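Quick notes on the structure that follows.
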Amino acid sequence: MYFLIIGVLGLVLKYLEIEPVASLNWWLVLSPFAAAVAWWAWADGSGYTKRKEIEKMDDRKQKRLDKQRAAIGLLPKKRP
């Protein structure tokens, strides 16, 4: 996501001819988009995206279970 934000910002600055971006070559301005494609290819191919999704779901599940257990009094109360 950061690569896309940087890429769009670079495009806008290049289009509006704001220095120092206006003097850069186009390949340098468009390179964040190539980096985003490379990142997504690696993240999907390595399973990174799926692992992060599963971790997030497990955290939500554990919080839900803890909340339910606390509601029925099964969790020990924290001492101040």
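For the chain, the carbon plus sulfur part of the accessible surface works out to 65%, probe radius 1.4 Å.
Here is how the number arises for the chain: DSSP H runs of 4 or more residues each give -39500 (n - 2.57), the sum is divided by the residue count, and the result at 222 nm is -26000 deg cm²/dmol.
Mean separation of Cα pairs under 8 Å and 6 or more residues apart, divided by the residue count, gives the chain a relative contact order of 23 percent. Among the GluC sites (Glu not before Pro) in the chain, those placed in a DSSP loop whose Cβ has at most 11 other Cβ atoms within 10 Å are GLU17. Sorted largest first by accessible area at a 1.4 angstrom probe radius, with every protein chain in place, the residues ASP58, ASP66, ASP44 fall in the order ASP44, ASP58, ASP66. For the chain, the solvent-accessible area with a 1.4 angstrom probe is 90 square angstrom per residue.
Here the chain is assigned +1 on the Cβ of each Lys and Arg and -1 on the Cβ of each Asp and Glu. Its dipole about the Cα centre then comes out at about 1060 debye.
To the nearest ten degrees, helix 2-15 and the longest principal axis of the Cα atoms of the chain are 30 degrees apart. A 1.4 Å probe, protein heavy atoms only, puts the accessible area of VAL8 near 80 Å². Here's how it looks for LEU75: its modeled amide H is under 5 Å from those of ALA70, which are all 5 or more places away or on a different chain.
The values are calculated or read from the model by the stated rules, or taken from the named source; none is laboratory data. These figures come from a predicted structure and were not determined experimentally. Glycine gets a Cβ as well: all are built from the backbone with ideal geometry, and neighbour counts include every protein chain shown. Calculation scope for accessible area: heavy atoms of the full protein, side chains included, ligands and nucleic acids excluded. Shrake-Rupley method; radii C 1.70, N 1.55, O 1.52, S 1.80 Å.
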